[in-house]
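These notes are about the structure you will find just below.
Just so you know, all these numbers are worked out from the coordinates, no wet-lab data involved. Predicted model only: the values in this text are computed from it and were never measured. All Cβ positions, even for glycine, are placed from backbone atoms using ideal geometry, and neighbour counts span all protein chains on display.
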Protein chains: 2
Amino acid sequence: MISRISRRLPQGAGVLLGPGDDAAVVAAPDGRVVVSTDLLVEGNHFRRDWSTPYDVGRKAAAQNLADVAAMGARPTSLVVGLSMPADLPVDWVDGLADGLREECALVGASVVGGDLARADLVVIGVTALGDLAGSPPVTRSGARPGQVVAVAGRLGYSAAGLALLGSGGKAPESGPLAAAVEGHRRPRPPYAQGPEAARLGAVAMLDVSDGLLQDLGHIAGASGVRVILDPDAFEVAEPVLAAAEELGADPLDWVLGGGEDHALVAVFPSAVRLPPEWRIVGRIETGEGVLVTGRDEGPRGWDHFQ
Amino acid sequence: MISRISRRLPQGAGVLLGPGDDAAVVAAPDGRVVVSTDLLVEGNHFRRDWSTPYDVGRKAAAQNLADVAAMGARPTSLVVGLSMPADLPVDWVDGLADGLREECALVGASVVGGDLARADLVVIGVTALGDLAGSPPVTRSGARPGQVVAVAGRLGYSAAGLALLGSGGKAPESGPLAAAVEGHRRPRPPYAQGPEAARLGAVAMLDVSDGLLQDLGHIAGASGVRVILDPDAFEVAEPVLAAAEELGADPLDWVLGGGEDHALVAVFPSAVRLPPEWRIVGRIETGEGVLVTGRDEGPRGWDHFQ
């Protein structure tokens with residue numbers, strides 16, 4: 001099984017020793033390595049009847065690669081642990097490997113190792129490594145009053161798609177509703193904007209895993225500041241609007257509260273000139289917490305432990 | 001919960017950014033990083049009624065740190081994903097963190113990050129990083145005819161202890177039988193001997209995870225050689241002998257076939273002068289497979305997928 005999977009996982013130039021030994025060896029040219037890990041549990045983070053194994057592989061890789069990008073680093077490699085029931089079809093594992101590989105290919109990273117175990121449910125443990133190329137890591141604690149908050153990437157797609165899948169109807173196959181469902185199954189983090197934000201002088205950054213408001217709360221807390229968001233500054237995407245209309249929901253709830261799109265949100269000095277991938281959506285003030293102008297109480301992000 | 005755990009996990013000098021951000025940043029002074037991952041599943045790799053959470057933490061760290069040492073590297077850090085049922089007592093997680101921390105402390109490594117998820121069973125995903133300090137990694141493929149096979153660390157303890165626990169009696173509390181059970185709960189890999197073997201010129205190495213015969217089969221296969229073991233060369237430890245007597249078993253079955261002690265087995269040029277931590281137990285010949293002198297058919301190591 002391990003050699004079957006390994007054949008689906010080509011190794012890039014930065015991989016000095018790939019799968020098949022006790023450990024892999026990966027180039028860390030910067031002399032530091034960025035490392036992040038996530039566990040995806042069937043029934044909690046994905047459903048096998050709602051997502052193909054390929055989708056799960058794409059998403060499992062994406063959420064870890066986005067964590068590395070959110071430090072301002074370039075992802076170099078993944079290692080993956082997979083627990084699975086005895087009756088899991090082998091082509092499910094093939095599909096997972098294909099999804100991991102193709103998401104990694106977007107950033108030039110490789111799946112360099114893994115582990116297989118038996119369990120009654122599918123659990124996927126992914127660890128991503130990355131290289132900072134000489135830059136300091138962009139943490140959560142550097143935001144200061146007077147600076148601006150900007151977002152790159154999608155917001156609201158994943159929550160809208162999940163709501164559509166959960167509404168009990170048949171999954172839409174085309175049009176904006178299908179795009180929302182696709183956004184849930186395969187997030188599209190703006191990986192290149194992580195190192196780009198570092199280059200542009202970002203002083204704080206993270207990827208939106210649990211919802212913009214909840215995640216910005218981490219920057220507010222770590223930096224000791226208040227984040228003010230302007231709801232009119234967001235451009236709500238057509239798939240999110242269409243899903244909101246279909247389900248009678250407020251699209252801004254998904255944009256501000258929905259997780260798992262893995263957009264990047266960063267804080268920049270106010271004089272920054274941002275490329276078109278970034279949209280300024282708020283500012284930093286003295287105080288604490290996250291405030292949305294004109295909304296008394298913001299929705300909360302999705303918390304795995306709620 | 002995450003901050004509660006983080007407080008139990010001090011960060012060493014090589015940790016440039018510890019837990020609490022999207023990713024950690026760890027020194028990789030060699031310009032390369034060694035990485036290995038394992039998944040431990042409750043009921044398969046450990047039982048909560050047979051091991052304390054502290055033991056599970058020690059073992060989860062040990063098996064990954066040993067993989068790094070088996071490349072000839074010094075472990076620097078761990079990241080850990082933990083899925084757990086809603087009713088898992090919080091002090092179980094405390095104990096796990098304490099065990100991870102103390103096993104890491106043996107090699108100067110730190111637990112630099114993690115992830116928590118909910119699931120119906122406890123699954124622990126551990127990824128270890130390490131530094132080669134300028135040496136080439138010691139892989140499985142460098143063994144050549146005429147060289148010698150040597151072992152450092154314990155063999156047979158874990159299998160003997162598991163057999164005692166599985167025999168249905170009360171777990172022994174002292175004496176050699178208790179030492180065998182302790183060996184199952186807390187393996188003691190000879191970490192320092194990994195880089196030491198590299199320094200001594202080891203041409204192939206791995207840690208014994210699945211049983212010496214099975215794991216040496218990987219070296220035989222990857223190197224295209226035959227491994228010949230001399231059963232009389234092994235010194236069977238008192239706890240293993242005592243457990244074999246207690247259960248009417250052949251202690252050599254555990255020494256040759258038992259996994260999870262995470263001893264290091266390495267192949268050296270025949271002229272090597274080995275320190276007392278290493279014991280020569282066999283040699284490399286042309287051919288294939290692993291042969292034990294005087295035994296027609298060796299026992300098989302423990303395979304998670306059998």
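Across the range B:37-69, the residues whose backbone nitrogen lies under 19 Å from the label position 7 Å along the beta-carbon direction of B:Lys170 are B:49-52.
Considering Cα pairs under 8 angstrom that are at least six residues apart, work out the relative contact order of chain B and quote it in whole percent. Present the calculation step by step, with values, prior to reporting the outcome.
On the way: 737 pairs, mean separation 68.5, N = 306.
Normalised by residue count, the contact order of chain B is 22 percent.
Here the sum of -39500 (n - 2.57) over DSSP H runs of 4 or more residues, divided by the residues of chain B, equals -9500 deg cm²/dmol at 222 nm, to the nearest 500.
In terms of surrounding Cβ atoms within a 10 Å radius of their Cβ, B:Arg144, B:Arg7 rank from fewest to most as B:Arg7, B:Arg144. DSSP bridge analysis restricted to the range A:2-131 gives an antiparallel fraction near 70%, rounded to the nearest 5.
For the range A:87-228, how big is the tail of P(r) above 19 Å, as a whole percent of Cα pairs? Pairs farther apart than 19 Å: 66 percent. The label point for A:Ser141 and the one for A:Ser3, both projected 7 Å from the Cα toward the Cβ, are 4.9 nm apart.
Average the reciprocal distances over every distinct pair of alpha-carbons in the range B:2-131, invert the result, and give the Kirkwood radius in Å.
14.6
Spin-label model, B:Ala178 to A:Ser270: label points 7 Å out along the Cα-to-beta-carbon direction sit 6.9 nm apart.
For the pair the range B:204-226 / the range B:1-71, the C-alpha centres are spaced 25 Å from each other.
Roughly what % of DSSP beta bridges within the protein assembly as shown run antiparallel, to the nearest 5? Mind dumping the intermediate values first?
Values: 82 of 106 bridges.
Roughly 75 percent of the DSSP beta bridges within the protein assembly as shown come out antiparallel.
If contacts are Cα pairs under 8 angstrom and at least 6 residues apart, what is the relative contact order of the range B:148-292 in percent? Walk me through the numbers before you get to the answer.
Details: 304 pairs, mean separation 66.4, N = 145.
Taking the mean separation of contacting Cα pairs over the length of the range B:148-292, I get 46 percent.
The calculated FRET efficiency for the pair B:Glu235 and A:Ala105, based on their C-beta separation and a Förster distance of 56 Å, comes to about 0.65.
Once you list every other residue whose beta carbon is under 13 Å from the beta carbon of B:Glu102, what net charge do they have if Lys and Arg are +1 and Asp and Glu are -1? All intermediate terms of the calculation are to be shown ahead of the outcome.
Values: positive: B:Arg8, B:Arg58, B:Lys59, B:Arg101, B:Arg186, B:Arg188; negative: B:Asp55, B:Asp94, B:Asp98, B:Glu103.
Within the 13 Å Cβ shell, the charges total +2.
Each of A:Asp55, A:Asp91, A:Asp21 was scored by other Cβ atoms within 10 Å of its Cβ. Arranged with the fewest first, they read A:Asp91, A:Asp55, A:Asp21. With its label point put 7 Å out from Cα toward Cβ, A:Gly168 sits 5.1 nm from the same residue's point in the other copies, in order from shortest.
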